[in-house]
Amino acid sequence: MQADPRAQRLLAMPEEAYMNDEQLAFFQARLLAEQAEVEAHLDEVRKAVADNERSGDELDRAAVEEELRLLLRQADRETRLLRKIAQALRCIEAGDYGYCAETGQPIGLARLMLRPTAELCLEAKERQEKREHHYSKLRGDQ
């Protein structure tokens, strides 16, 4: 897969240029495009749920109910993603985008290219995941 030339140019910038106007504009455009895409998909899901027929035999209804359950789970995930996108856009406006919410250190362009809604730098995210894993073991989830 060929990388976006604009993204490659941003990644080639020196560290001192971190979160300059060009980088912020790139991420803002990317977040807005992702927001529009997710909102369009959520509209499709809403229409599918509204258009759901309740007729048919028991097996048809079971299949439709299972499909609806999966659609609603996906819609829930996408709704949470929309909140993260909105938060990231607010951070861009506030001048805080690209910096770890826990440590204040740069998150890094490469990580933000993969996950533009990232709020934690890699080290902070690893610590968070270790804590979550530790607590899930204490609860007996594993």
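What is the number of the single condition among (1) surrounded by 13 or more Cβ atoms within 10 Å (Cβ to Cβ); (2) without any contact (Cβ under 8 Å) to a residue 60 or more places away in the chain; (3) closer than 26 Å to Met113 by Cβ that Tyr18 does not meet?
Only one criterion in (1) surrounded by 13 or more Cβ atoms within 10 Å (Cβ to Cβ); (2) without any contact (Cβ under 8 Å) to a residue 60 or more places away in the chain; (3) closer than 26 Å to Met113 by Cβ is unmet by Tyr18, namely (2).
So is Glu132 at pLDDT 95 or above and either part of a helix (DSSP H, G or I) or of a type outside the set (Gly, Ala, Ser) (or both) or not? If you could, list the steps in order and put the result at the bottom.
Details: at pLDDT 95 or above: no; either part of a helix (DSSP H, G or I) or of a type outside the set (Gly, Ala, Ser) (or both): yes.
For Glu132, the condition - at pLDDT 95 or above and either part of a helix (DSSP H, G or I) or of a type outside the set (Gly, Ala, Ser) (or both) - is not met.
Return yes when Val38 is at pLDDT below 95, among the β-branched types (Val, Ile, Thr) and assigned to a helix (DSSP H, G or I) and no when it is not.
Taking the combined requirement at face value, the residue does not satisfy it.
With the condition kept exactly as written, say whether any residue in the stretch 85-97 is surrounded by 11 or more Cβ atoms within 10 Å (Cβ to Cβ), in a helix (DSSP H, G or I) and among the polar types (S, T, N, Q).
Yes, the stretch 85-97 contains a residue that is surrounded by 11 or more Cβ atoms within 10 Å (Cβ to Cβ), in a helix (DSSP H, G or I) and among the polar types (S, T, N, Q).
Based on this model, can you work out whether Ala36 counts as exposed (fewer than 12 other Cβ atoms within 10 Å of the Cβ) and either touching a residue at least 12 places away in the same chain (Cβ under 8 Å) or under 18 Å from the mean Cα position of the chain (by Cα) (or both)?
Values: exposed (fewer than 12 other Cβ atoms within 10 Å of the Cβ): yes; either touching a residue at least 12 places away in the same chain (Cβ under 8 Å) or under 18 Å from the mean Cα position of the chain (by Cα) (or both): yes.
Spelling it out, Ala36 is indeed exposed (fewer than 12 other Cβ atoms within 10 Å of the Cβ) and either touching a residue at least 12 places away in the same chain (Cβ under 8 Å) or under 18 Å from the mean Cα position of the chain (by Cα) (or both).
Tell me which of these Asp76 doesn't satisfy, since it passes every other one: (1) modelled with pLDDT under 95; (2) assigned to a helix (DSSP H, G or I); (3) surrounded by 12 or more Cβ atoms within 10 Å (Cβ to Cβ).
(3)
Give the number of residues within the stretch 41-69 that are part of a helix (DSSP H, G or I) and exposed (fewer than 11 other Cβ atoms within 10 Å of the Cβ). Explain how you work it out, then say what you get.
At the first step, the residues of the stretch 41-69 found to be part of a helix (DSSP H, G or I) are 41-50, 58-69.
Those left that are additionally exposed (fewer than 11 other Cβ atoms within 10 Å of the Cβ): 43, 47, 50, 58-59, 66, 69.
Residues in the stretch 41-69 being part of a helix (DSSP H, G or I) and exposed (fewer than 11 other Cβ atoms within 10 Å of the Cβ): 7 in total.
Of the residues in the stretch 1-14, how many are free of Cβ contacts under 8 Å to residues at least 12 places away in the same chain and either closer than 18 Å to Ala75 by Cα or in a helix (DSSP H, G or I) (or both)?
Final tally of qualifying residues: 3.
Please enumerate the residues belonging to the stretch 98-127 that are over 13 Å from Gln23 (Cβ atoms), surrounded by 14 or more Cβ atoms within 10 Å (Cβ to Cβ) and aliphatic (A, V, I, L, M).
Ala101, Ala118, Leu120, Leu122, Ala124
The values are calculated or read from the model by the stated rules, or taken from the named source; none is laboratory data. Everything numeric in this text was worked out from a predicted model, so none of it was measured. Cβ coordinates were reconstructed from backbone atoms using ideal geometry, including for glycine residues, and neighbour counts include every protein chain displayed.
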